[in-house]
Amino acid sequence: MLQEKIFTGVVLDENFRLTLLEICRICEVSAERVIELVDAGVIEVEGAEPLHWRFDALAFRRLQAALRLERDLGVNPAGAALALDLLEELRRLR
């Protein structure tokens, strides 16, 4: 019996913005975890407080990558921030 896989995704553009609730739902992570990553400098947000935060496409991608680094490699938030910054610098240099 052949099973079909269904892929879902999010289209990212320059106007892309998510609220804290939306990003938690999409990434299947708690608000507390996202706040911890923001506080650690892993992701940057627009807005003064969590209720008014907005996450752009870069923040969304960095959050997903940080969660993968944590899950797959056991990297802590500071290590994830450093790794992501270094990867971005490599992309810019290329």
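Before we move on, is Leu63 surrounded by fewer than 17 Cβ atoms within 10 Å (Cβ to Cβ) and either assigned to a helix (DSSP H, G or I) or in contact (Cβ under 8 Å) with a residue 60 or more places away in the chain (or both)? Lay out the reasoning, then the answer.
On the way: surrounded by fewer than 17 Cβ atoms within 10 Å (Cβ to Cβ): no; either assigned to a helix (DSSP H, G or I) or in contact (Cβ under 8 Å) with a residue 60 or more places away in the chain (or both): yes.
No: the conditions fail for Leu63.
Rundown of residues vs (1) touching a Leu at 6+ places or on another chain (Cβ under 6 Å); (2) among the acidic types (Asp, Glu), yes/no style:
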| position | (1), (2) |
| --- | --- |
| Arg54 | no, no |
| Ala59 | no, no |
| Arg62 | yes, no |
| Leu67 | no, no |
| Leu73 | no, no |
| Asn76 | no, no |
| Gly79 | no, no |
| Asp85 | no, yes |
| Arg92 | no, no |
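Against the conditions (1) loosely packed, with under 15 Cβ neighbours inside 10 Å; (2) at pLDDT below 95; (3) under 14 Å from the mean Cα position of the chain (by Cα), where does Ala31 fall short? Just the number, please.
All conditions pass for Ala31, except number (2).
Taking segment 66-94, which residues are outside any helix (DSSP H, G or I) and farther than 18 Å from Glu36 by Cβ?
Pass one, segment 66-94, residues outside any helix (DSSP H, G or I): 74-76, 94.
Result: Arg94, single match.
Looking at (1) in contact with a helix residue (DSSP H, G or I) (Cβ under 9 Å, 6 or more places away or on another chain); (2) part of a loop (DSSP other than H, G, I, E, B), can you tell me which one Leu51 breaks?
The failed condition is (2).
Identify, from the list Glu46, Glu36, the residue that is in contact (Cβ under 8 Å) with a residue 12 or more places away in the chain and touching a His at 6+ places or on another chain (Cβ under 9 Å). Even if it seems obvious, please write down each step before you answer.
Working: Glu36 fails: touching a His at 6+ places or on another chain (Cβ under 9 Å).
Within the list Glu46, Glu36, the selection yields Glu46.
On the basis of being hydrophobic (A, V, I, L, M, F, W, C) and at pLDDT below 95, does Val11 make the cut?
When the stated conditions are applied, Val11 passes them.
The values are calculated or read from the model by the stated rules, or taken from the named source; none is laboratory data. Since the model is a prediction, treat every value here as computed from it, not as a measurement. We place every Cβ from the backbone using ideal geometry, glycine too, and count neighbours over all the protein chains shown.
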